[in-house]
1. Given the conditions (1) of a type in the set (A, V, I, L, M); (2) within 15 Å of the ligand (Cβ to nearest atom); (3) assigned to a helix (DSSP H, G or I); (4) at pLDDT below 95, report the number of the one that Ala344 does not fulfil.
2. Output the residue which, of all residues in the range 313-331 that are closer than 21 Å to Arg247 by Cβ and in a helix (DSSP H, G or I), is farthest from the ligand (Cβ to nearest atom).
3. Out of all the residues in the range 398-406, is one or more within 16 Å of the ligand (Cβ to nearest atom), under 29 Å from the mean Cα position of the chain (by Cα) and free of Cβ contacts under 8 Å to residues at least 40 places away in the same chain?
4. Mind checking whether some residue in the range 378-394 is part of a helix (DSSP H, G or I), hydroxyl-bearing (Ser, Thr, Tyr) and either more than 25 Å from Thr306 (Cβ to Cβ) or more than 14 Å from the ligand (Cβ to nearest atom) (or both)?
5. Search the range 286-309 for residues being within 16 Å of the ligand (Cβ to nearest atom) and assigned to a loop (DSSP other than H, G, I, E, B), and hand back the single one that is surrounded by the fewest Cβ atoms within 10 Å (Cβ to Cβ).
6. Are any residues in the range 57-73 surrounded by fewer than 19 Cβ atoms within 10 Å (Cβ to Cβ) and under 14 Å from Ile216 (Cβ atoms), and if so, which ones?
7. Of the residues that sit in the range 347-361 and are within 24 Å of the chain's Cα centre (by Cα) and part of a helix (DSSP H, G or I), which one is farthest from the ligand (Cβ to nearest atom)?
8. I'm told Gln339 meets every condition in (1) polar (S, T, N, Q); (2) away from the ligand (no atom under 13 Å from the Cβ); (3) in contact (Cβ under 8 Å) with a residue 60 or more places away in the chain except one. Can you identify the failing condition by its number?
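The values are calculated or read from the model by the stated rules, or taken from the named source; none is laboratory data. Please read these numbers as outputs of a predicted model, since none were measured by experiment. Heads up, the Cβs are rebuilt from the backbone with ideal geometry, glycines too, and the neighbour counts pull from every protein chain shown.
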Amino acid sequence: MKFHAIFFAVASSVLIITMTSFAEVKIVADHNRNEYATPDFKFRKVPPPSKSDAATKAKFTIVDGRRDRNGGNLDKLSDGKIPFEEDQPAENFFFNAGTDGGRLLIDLDHVIDIKQVNTYSWHPNTRGPQVYKLYVSDGKADGFNLQPKRGTDPQNCGWKLLASVDTRPKERLGGGQYGVGICDSNGTLGGYRYLLFDISRTEATDPFGNTFYSEIDVVEPNAPVVAATTGIERIWKTFEAERGKYRISIDTSETPYLTEWAHKELAPVLQKWYPKIVKMLPSEGYQAPDKLSVTFSPNMRGVAATSGTRIRCGAGWFRQQLQGEAKGAVVHELVHVVQQYGRARRTNPNATRTPGWLVEGIADYIRWFLYEPETHGAEVTKRNIARARYDSSYRISGNFLNWVTETYDKNIVRKLNAAARRGRYKESLWKDATGHTVQQLGEEWKRSLEKKIAAETVPADEKK
Ligand SMILES: [Zn+2]
């Protein structure tokens, strides 16, 4: 068997990766780094995913390994539907967390002439690249084993090794979109009925090394190609903030009734306030994410949640609040995108955990006292004063932070944020900044509130 390497120059946004191929079989791999990836899986060399290929009607079986239930079913690999963003577990198939891949069988029902096999994947980091061996068979050899488990070399039971693929870039996580095309210089790979993928994880340093496979295509010669699409029509708007420094996307594909409001009213708020919040919460050596997205989901309960740079909003609540709290709720989530306190624990094993009330308190302080002070939405009143504590979280803690800012240290939030982001939050920070413990501050704050409320509730005729 003859081995040779195909090596392409690195060009623009696309990296084409070196690989070995067998005989005349050619393997081409394209990589779109995440910032250039679009939902149509457009590559330089590898054709986009198809929904009219032979795999669409084929039968897929897991021969070895287990499906991860956080992902989609096997039909995600052949349904002609592709994910529309980089981290959509349900739109991909992947093997179970903590395991090292597995084997997949494709049965085309009868022997067909195969022109090309293409595999597609998409993920923000190590689950993007593809590592697998592809075996093929017509099923006619003596002693053919249709479902060889790992530990059995398929080449000993009627299979032929067609390609060995590894698209992992060196020295990088490898996030992004990958397309691998396996074809032959003769124009056809040969006649086969079965394909066996022996898929490996890309890394073993954490349980999340199994690739997010989005689609597998088996292309016949001269077959018309109908490009695969995402399951739904996409409605999204991407815009820049601070002269191109930040890119923000709003996705209302699943909630078209929010599109007009989101584009006209929400977008300008994000554009102005994301850079502002970044400047409010600096810390040494820290660069805030330069890309974030806001997605409205009809199925999400509650208000909103942020993971990493992705903000998800519950459309049900937003629909009721368009003239009320809707924009402010997204501003609160923007603060979480800037905070990124979780990062410290990934790099520093001794990182302390920032208390939840403070994380939420900072978000609500910025929202209620800096973004929309005129709404007085975080006022403590006669109605809720009895239960108010400095660590009550959300707007009550926001109120407390505002009071400490005005009374003792106008930089207290900035200092707490910088410590939290490095995993160095500790209670003594309060004493260092103000001369009082957080508990003492909490009591003093509460007394001042009680005084204020008592003054306000004096009957009108006694006021003079
Ligand atoms: Zn929050």
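1. Of the numbered conditions (1) of a type in the set (A, V, I, L, M); (2) within 15 Å of the ligand (Cβ to nearest atom); (3) assigned to a helix (DSSP H, G or I); (4) at pLDDT below 95, the odd one out for Ala344 is (2).
2. Once the filter is applied, the top-ranked residue is Lys327.
3. Yes, because at least one residue in the range 398-406 is within 16 Å of the ligand (Cβ to nearest atom), under 29 Å from the mean Cα position of the chain (by Cα) and free of Cβ contacts under 8 Å to residues at least 40 places away in the same chain.
4. As a first pass, look at the range 378-394 and keep what is part of a helix (DSSP H, G or I): 385-387, 394.
Retained after the next criterion (residues that are hydroxyl-bearing (Ser, Thr, Tyr)): 394.
Going one step further and asking which of them are either more than 25 Å from Thr306 (Cβ to Cβ) or more than 14 Å from the ligand (Cβ to nearest atom) (or both), we end up with none.
For the range 378-394, residues part of a helix (DSSP H, G or I), hydroxyl-bearing (Ser, Thr, Tyr) and either more than 25 Å from Thr306 (Cβ to Cβ) or more than 14 Å from the ligand (Cβ to nearest atom) (or both): absent.
5. Ranking the qualifying residues of the range 286-309, first place goes to Arg301.
6. Lys57, Lys59, Thr61, Ile62, Asn73
7. Only one residue fits best here, namely Thr347.
8. For Gln339, the exception is condition (2).
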